[in-house]
Amino acid sequence: MKEGREWGFIFCRGPRGDIRGPESSGTPTNVTLNLRCPSGQPLAVFHCLPATEYVFLPGYGPMRVDMAAKKWPDVETHKVTELISIQTGLMGSITVTPNHPIMTKQGWVLASDLIVGDKILLETNLPCPSNIKVKSSQWKTNWWSRVHHRPYRPQKLSPELGLLLGLLWSDGSISDQRVSFANKQESLISQVSNLTMLLFGLEGKTYNGSNNVYQFHVNSTDLAHYFQRNLGFTKERVPHLLWSAPPHIRQHFLNGVIQGDGSTSPANPNKPNDLVTSISVGNSKETAISLAYFIATLGHKPRLRIIPQHYVARTQDFMYQVVFQSGSHDAPLRSPSGRLVHGGRTIGNEVKIIDIKRQTGNFEVYDFHMAEGLLYCGTLPFLTHNTHPGTGNIIPSDKDFETARAYRIPFVCVGIPETEQVKCYRVPR
């Protein structure tokens, strides 16, 4: 990776224009630059993502940046003229502004300083806050359900409900009036039927369809609306409620998905406890990314791959698979940021960069302000850093210098409200 690069771009909060940071060579220790910001506004360095990139929102999962900006309360947009696209192994990719810090084994490195062959970090301990509850506005009591022949509406997520959601997400479908499931394994049909009776008190119909595919369905508008409106069920991505569910419920959902659309085999004949699981998710890239991030919340290192398919009824000649290894693992590791990294045996779950491309033009980018200062973004959950806000003080604090050293930033610049100028300090080594 390259050394001694400048910090990138500096922006003023509020109405602002691009202000170029100081060059790292030949700059005095303290210098007041003729750069102006709106009066009283502190400076900040913005590390941003284009609209088509994916970003992880706690409690929501990965979403396209332009869609995530509508849900996250603290987002800013502005224009840039350059982006960097990084391609890694495992079909991973991430596109960011050049000044976006990305975690490597050596610590935080700006995207513009990365080179082919560097290894960047995959996070396999994504945060899932367990404080978001199922919508309860439409629930009826079990007594009401029995009297009016309506399905029970569970008031919390349970392992059984998580398993049923996983099975339906893999090989099921939900319309406005029907919940259906189809599979060649009769045992899975029985499992879905039993879970539906256990959880909702409804008995569906089972029959043998064409091509030896067993089918099960329940005609119930109330049940369909419960899945869609209360649980946020959709086939395009992992249901939003599961991103805030406890780990054991998330694991039951994943187990259901594996039973429906997955296969598991030994990774090494000499190590039967090390298993490789492959899950087919169709030709939707968004669905594959959503499942890959979800697997990363459970401590596994996901990867994506594309496989050909030759079914006449299919509209595409390929499908995505999400693959991960599970079984015996070494003790949890720590990334350079101090966060625990669970799962694989390579330090920090690193992935090698195989290609870097620079794009020039006029791009609108989004900056997400996160409380922890960490962002997980890309087709796989790469660990990056978001906005580093300035203090607005004339003299930077020790914390500012410490943070700058961690980022390998040669200067710290702060705003001077009285003069609307910017003062930059060389960061001591």
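Derivation of every value follows stated rules applied to the coordinates shown; laboratory data play no part. From a predicted model like this one, the values you see are computed outputs, not experimental measurements. Every residue, glycine among them, receives a Cβ derived from its backbone with ideal geometry; neighbour counts consider all protein chains shown.
Using +1 at the C-beta of Lys and Arg and -1 at the C-beta of Asp and Glu, which of 197, 209, 170 has the Cα lying farthest in the positive direction of the dipole of segment 142-230?
Result: 197, furthest along the dipole toward the positive end.
For the cross-link pairs 285/357; 79/235; 79/119; 71/301; 79/285; 156/235, which exceed 25 Å when the distance is taken from alpha carbon to alpha carbon?
Too far apart for the 25 Å limit: 79/235; 79/119; 71/301; 79/285.
Using amide H atoms built 1.01 Å from N in the peptide plane, name the residues 5+ places from residue 309, or on other chains, whose amide H lies under 5 Å from its own.
Residues meeting the amide H criterion: 318, 319.
Residue separation times 0.36 nm, minus the C-alpha to C-alpha distance between residue 155 and residue 203: what's the value?
The span from residue 155 to residue 203 would gain 15.3 nm if fully extended.
Any chance you could check the Cα centroid distance between segment 217-266 and segment 164-206 for me, in angstrom?
11
Taking the number of other C-beta atoms within 10 Å as the exposure measure, put 226, 207 in order starting with the fewest.
Listing 226, 207 from fewest to most nearby Cβ atoms yields 207, 226.
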